[in-house]
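One structure below.
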Amino acid sequence: MLLIDLAIPIGLYYLLRAAGLSYQASLVISSLVPGLSATTDLARGRRPDGLAVFMTVMMLLSFAVSLISGSARFMLAKDGWLTVVTGVWMLASARTDQPLTFPFARLLLERRVGPGKQSWDVLWRRAPGFRRIWRVCTVLWGIGLVLDAVVRVVMAYTLPVDVVPGLNAAQYVVFLLLMQVVTNLYLVPAGLYNPRSRVYEFDPEVPVPDSHPVR
């Protein structure tokens, strides 16, 4: 999915530019590639990949605005504007019932970390330290996304147009690797990977939860 939704659109953009198409036409055509995976899933009766749907919808919205502004720069800055919205949304979720990093981390780590492969529903409801870890991680990622967005918007409006798509793709890789390092520099000393850590201590005043999972 990443190959289709990220790498192929970037390669197609440069092929179209080499063929002599304009900035806007190349951006629009290459931006429709992520929609192919969503369309294929729908045709097969499967739920479309969330990444494909998200990228397709936002690309089409960006194209609609670009028809009004006529600006290739705006389309290039689209990643930055979407990233800052995501970062602000993530920061706002830090104090909600479920900060945004929790469900993503759960897909990868539940029953792989913690004492006795404990359900994360139980940990979330009964362990204050466990909840605090994901609130802090959400703030870290929110700040990182906002900073990442600033760089993307600055690049879109200051660098040569044909340079920006490639740099945007490379920045995704650099950003994810950097945030993994930052996140684990917090998670390791915080005790997430230590099953005997105080992170997993239950609050005795919180009753054992029912069987309904956190959603």
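Every number here is computed from the coordinates shown, using simple stated rules; none is lab data. What you see is a predicted model, and the numbers here were worked out from it, not measured in a lab. So basically every Cβ, Gly included, is an ideal-geometry build from the backbone, and we count neighbours across all protein chains shown.
Computed over the Cα atoms of the range 71-209, pair by distinct pair, the Kirkwood hydrodynamic radius stands at 16.6 angstrom.
Here the alpha carbons of the range 140-189 define both size measures, Rg and Dmax, at 12.8, 43 Å. Protection proxy ranking for 129-142, 183-196, 112-125, using the average of other Cβ atoms within 10 Å per residue and placing the highest first: 129-142, 112-125, 183-196.
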